[in-house]
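Data block below; observations after.
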Amino acid sequence: MGTSTANVVEILALLILLQSVSSFCNGDNFNGSCIKTEREALVKFKSSLLNNSNSLPSWVGDDCCRWDGVTCDDINGHVVKLVLSRASIMGNISLHLGNLSNLHYLDLSLNRSLAIHSLHFPSSLKYLYLSYVVLDKCDNWLQSINMLPSLLELELRNCELSIIGDVSHVNFTSLEVLDLGLNNFHSTIPSWLYNITNLRRLDLYSGAFRGSLSTDISNLKSLASLSAGFNSLEGNIPNTLNGLCNLIELHLGYNKFGGEISGTFGNSSGCIKNSLENLILSNNSFSGSIPDNLGQFKRLKVLYLSENSFWGSIPVSIGQLYNLERLGFSQNSLQGEVSELHLLNLRSLIALSMDGNSLVFDIDPEWIPPFQLDRIGLSSCEVGPSFPQWLKTQKSIRFLQMSNASISGNIPDWFENISSNIVGLDLSYNQLFGTLPTFRKQNTTYGNEYRIILLKSNQFDGFLTCSHFDATILDISNNLLLGHIPQNLSEMMPSLQLLSLSNNYLNGTVPATLCRSGSLQILDLSNNHLSGRIPSCWGNLPSLTVIDFSSNMLSGDVPMSFGSQESLVSLHLQNNTLQGKIPMSLRNLESLETLDLSMNAFDGFIPSWIGESLSSLKVLSIHSNKFEGEIPLQLCYLASLRILNLKGHWDYYTEDQPLGFVTASYGENVQVYVKGIELEYTRTLRFMYSIDLSGNNFVGEIPQELMNLSGLQILNLSTNKFHLNLSFNHLSGRIPKGNQLQTLDDKSIYIGNDGLCGPPLNNCSDDADELPKGHEKGGTKRKNDSEMVWFYSGMGMGFAAGFVGVCSILYFNDSWRCAWFGLVDRVYNKLWVTIAIKANQVKRKFLRNKLEGNA
């Protein structure tokens, strides 16, 4: 009886359900499997788009549940999900989707041409993704979001938002993910954000936030990821961070934070040490020592403290972080020894960066590391004196930076065995000698055929052969290399972009095969013994921006094909024996910024088209040639010109600047004479404005247009035949004696100035030098003496007070004292390296002169 009654109840319930479904389907709101009102809302959304007839082509027909990007509930037919990410929709619209009352997932992200100026969503929404959609006119975005109590995830990344807004009460407290990165808020982090206590991921990356990080961050107990890098946040990191027991990732790099971090990460009682995996604090102003107990953060995989002001030694406890994969301590004021104990258990380590510190690596040559590194950065550390033997075990190295690392001697033979994976090598500014290392053909497992090799400023000798390298960027400048440049160089290095062989002893000709290096951007062969004519094949190098053949023994004409290099920015041919006229084809180089043809044998007139066609020119140096005639007025059209040097004969010397490690670059340099002193301008070149026309045979008048150059700093017109005319003025007194006016012995230039006297005019009377009454020499002298006594007395007291003040600060403030002495160490090291390099250059110059003398 009971069983039959239960069956009847189940049958009745089923009949009722079927009746309700039938009634629902026969209603006005349901059309097939799509709700009519919801279809109308979607059609209205499409019609608001720009070029709507071509947008969303599948959105036709009555069944909107079959449209691309639309998902409906299988039972009731309501639209529950709308995904139009990367749909190439565009327009400036008001987004009103309130009629989609069951919508819980909306993704319009990555439609960069879509701008929304008003928002209205159904309260059912749980997931909202609008990243890379323009919302700069949508000032009420926060109020619209605050009406979504069920919202779990909100991503508004790179939406050009500038107003963060404020709400008196936060309704979206269920929110677990909030991404506001890459916007332009220019405000402090809003207080309402710290009330969203369910947040698991908070991303404020590069949102132009300023101010401090509040101690209320401790309210976010569920937080697993906090990314606030690349902002202008400052002050100390709140110690309350160490109570976030679920925090896995903390990215606060590239801000203005300061102070010590021991309060946050040196507290053994904090639970953050049990969860944290990624800690990024690089590029801030943190100081103090690295906490000793960082070794307790056993789950750490990434630890970046680079580019701060940390001082002291590296704690040995770092060697216990067996999960650590990436360690970055570079560009700080760290000092002391690094031994095997610091690296002992780092079995997961793949990247090690400690460059830019005063660290001394004391590692047993027989030690076998427990890791296989991918990246090693030890530049400016003391790694030598010999090449580190423990690198022999590192078969996976891709990037190795050990410039200025006090390494001397030969590169060991086993280096070739680990070279096949290397895509970036910098061993510059050491004392390495012997023959160049040999590299195996690059392993393309990583799909990267880009290889950078920087060996500049060492003492490598011998001959250059293509078997040594397979590079994209190759810099072996400032060494002792001999012989010819290989003819097959472009074949062996088909992807070559930068080649710098300057400041060596290479001879022979410039290989014409270099013209086949279609990817070549920078070619620097300066300061060698190259001779012969420059090849005439430079028409097929569309990316070439720099040519530097200066300070060689090249002869003949400048090839016309140089004019085909429309991307050329810098052309240095100075200090050779080139002759003829400047080819007119160079007028096609509209991007040219530096043209240096000085110290050659060019003749004829200075072309007027230089001023008419080379509008981008910033540096023009054509001194010490055989030009004649007048200076063309068209040079005054060069609005961007900073340095104009048409000076006569004088010694000229150039020196390369360091190249970047991962980018093809060239250090522009120009020599300028200031009051008879030769000065070299490199990094400060953009601040120099100079015209030097001295030591020529220019005639005529000084162009009046020169007076329009309001930014001009140096003008030298000496030792020419310019005509000076001071006639018919009201000048009086003695003509000044000096090296300039005494060379002008033509009396006619002073005619009409009856008050003038002295050579070349009549001698002056005894009272010609008398000063007006009230300005007697004796009184002036006594007054000046009194002023100088007070000046030196005040200067002495000021120096004493300042010296005592600085010493007091250094005595009582440990962090300042350590930072100061760390700075002194770095300056000392830099000076030592500079002196060593200069001494090496003098040595090479002496050797070069000796070789030339023997020849």
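The values are calculated or read from the model by the stated rules, or taken from the named source; none is laboratory data. Keep in mind it's a predicted model, so treat the numbers as computed, not measured. Note that each Cβ is placed from the backbone with ideal geometry, even for glycine, and that neighbours are counted across all protein chains shown. Ligands, DNA and RNA are stripped out before the accessible areas are found, and what is left, the full protein with its side chains, is counted by its heavy atoms. Shrake-Rupley method; radii C 1.70, N 1.55, O 1.52, S 1.80 Å.
Among the residues in segment 371-383, are any free of Cβ contacts under 8 Å to residues at least 60 places away in the same chain, open to solvent by 60 Å² or more (accessible area, probe 1.4 Å) and touching a helix residue (DSSP H, G or I) at 6+ places or on another chain (Cβ under 6 Å)? Full working, then the answer.
Our first condition is that a residue be free of Cβ contacts under 8 Å to residues at least 60 places away in the same chain; within segment 371-383, this holds for 371-379, 381-383.
From what's left, open to solvent by 60 Å² or more (accessible area, probe 1.4 Å): 372, 375, 382.
Applying the additional criterion that residues be touching a helix residue (DSSP H, G or I) at 6+ places or on another chain (Cβ under 6 Å) yields none.
Taking every residue of segment 371-383 in turn, none turns out to be free of Cβ contacts under 8 Å to residues at least 60 places away in the same chain, open to solvent by 60 Å² or more (accessible area, probe 1.4 Å) and touching a helix residue (DSSP H, G or I) at 6+ places or on another chain (Cβ under 6 Å).
Quick one: in segment 706-731, of everything that is closer than 23 Å to ILE691 by Cα and among the small types (Gly, Ala, Ser), which residue is modelled with the lowest pLDDT?
The selected residue is SER710.
So which residues in segment 469-499 are assigned to a loop (DSSP other than H, G, I, E, B) and within 19 Å of SER551 (Cα to Cα)? Outline the logic, then answer.
Of all residues in segment 469-499, those assigned to a loop (DSSP other than H, G, I, E, B) come to 469-472, 476-479, 485-488, 493-497.
Listed by number, the residues that qualify are ILE476, SER477, ASN478, ASN479, ILE485.
Please go through segment 103-155 and pick out each residue that is open to solvent by 60 Å² or more (accessible area, probe 1.4 Å), outside any strand (DSSP E or B) and closer than 18 Å to VAL167 by Cβ.
Correct list: SER123, ASP139, ASN140, GLN143, MET147, PRO149.
Determine which single condition THR71 fails, assuming it passes every other condition in (1) assigned to a loop (DSSP other than H, G, I, E, B); (2) more than 30 Å from SER225 (Cα to Cα); (3) at pLDDT 95 or above.
Condition (1) is where THR71 drops out.
Within segment 503-531, take every residue that is among the small types (Gly, Ala, Ser) and in contact with a strand residue (DSSP E or B) (Cβ under 7 Å, 6 or more places away or on another chain) and give me the one that is nearest to GLN459 (Cα to Cα). Before the answer, list the steps.
Just the residues of segment 503-531 that are among the small types (Gly, Ala, Ser), to begin with: 508, 512, 517-519, 526, 531.
Now restrict to residues that are in contact with a strand residue (DSSP E or B) (Cβ under 7 Å, 6 or more places away or on another chain): 508, 526, 531.
Values: GLY508: 21, SER526: 17, SER531: 24 Å.
Here the answer is SER526.
Could you please let me know if GLN579 is more than 14 Å from HIS623 (Cβ to Cβ), of a type in the set (S, T, N, Q) and either free of Cβ contacts under 8 Å to residues at least 24 places away in the same chain or buried (at least 23 other Cβ atoms within 10 Å of the Cβ) (or both)? Walk me through it before giving the result.
Working: more than 14 Å from HIS623 (Cβ to Cβ): yes; of a type in the set (S, T, N, Q): yes; either free of Cβ contacts under 8 Å to residues at least 24 places away in the same chain or buried (at least 23 other Cβ atoms within 10 Å of the Cβ) (or both): no.
When the stated conditions are applied, GLN579 does not pass them.
Give me the residue from segment 40-77 that is in contact with a strand residue (DSSP E or B) (Cβ under 6 Å, 6 or more places away or on another chain), open to solvent by less than 60 Å² (accessible area, probe 1.4 Å) and in contact (Cβ under 8 Å) with a residue 40 or more places away in the chain and, out of that set, nearest to SER123 (Cα to Cα).
GLY77
Restricting to segment 555-577, count the residues that are out of contact with any strand residue (DSSP E or B) (no Cβ under 6 Å at 6 or more places or on another chain) and assigned to a strand (DSSP E or B).
Counting residues in segment 555-577 that are out of contact with any strand residue (DSSP E or B) (no Cβ under 6 Å at 6 or more places or on another chain) and assigned to a strand (DSSP E or B) gives 0.
From VAL338, VAL302, grab the single residue that is of a type outside the set (D, E, K, R), in contact with a Leu (Cβ under 9 Å, 6 or more places away or on another chain) and open to solvent by less than 10 Å² (accessible area, probe 1.4 Å). Please lay out each step first, then the result.
Working: VAL302 fails: open to solvent by less than 10 Å² (accessible area, probe 1.4 Å).
Unique residue meeting the criteria: VAL338.
For segment 506-521, what are the residues that are assigned to a strand (DSSP E or B) and open to solvent by less than 10 Å² (accessible area, probe 1.4 Å)?
Step one: filter segment 506-521 for residues assigned to a strand (DSSP E or B), giving 506-508.
Passing the criteria: only LEU506.
Test SER191 against the criterion of being of a type in the set (Gly, Ala, Ser) and closer than 26 Å to SER109 by Cα, and give yes or no.
On the way: of a type in the set (Gly, Ala, Ser): yes; closer than 26 Å to SER109 by Cα: no.
Considered against the rule, which asks whether it is of a type in the set (Gly, Ala, Ser) and closer than 26 Å to SER109 by Cα, SER191 comes out as no.
Looking at segment 81-91 only, could you name the residues that are in a strand (DSSP E or B) and open to solvent by 20 Å² or more (accessible area, probe 1.4 Å)? Walk me through it before giving the result.
Let us first name the residues in segment 81-91 that are in a strand (DSSP E or B), namely 81-83, 91.
Within segment 81-91, LYS81, VAL83 meet the criteria.
State which residue is most open to solvent (accessible area, probe 1.4 Å) when the search covers only segment 732-746 and only residues that are under 56 Å from the mean Cα position of the chain (by Cα) and at pLDDT 70 or above. Outline the logic, then answer.
Of all residues in segment 732-746, those under 56 Å from the mean Cα position of the chain (by Cα) come to 735-744.
Those still in the list that are at pLDDT 70 or above too: 735-737, 744.
Values: ILE735: 6, PRO736: 80, LYS737: 159, LEU744: 48 Å².
My answer is LYS737.
In segment 529-545, how many residues are open to solvent by less than 10 Å² (accessible area, probe 1.4 Å) and either within 31 Å of the chain's Cα centre (by Cα) or among the acidic types (Asp, Glu) (or both)?
Count: 3.
Among the strands (runs of 3 or more DSSP E) lying completely within segment 180-278, list those that include at least 3 residues that are open to solvent by 30 Å² or more (accessible area, probe 1.4 Å). Steps first, please.
Details: elements: 201-203, 209-211, 225-227, 232-235, 249-251, 256-259.
Answer list for segment 180-278: 232-235.
Mind listing whichever residues of segment 602-619 are in a loop (DSSP other than H, G, I, E, B) and either free of Cβ contacts under 8 Å to residues at least 24 places away in the same chain or not polar (S, T, N, Q) (or both)? I'd like the intermediate steps shown before the answer.
First, the residues of segment 602-619 that are in a loop (DSSP other than H, G, I, E, B): 606-608, 614-618.
Residues satisfying the conditions are ILE606, PRO607, LEU614, LEU617, LYS618.
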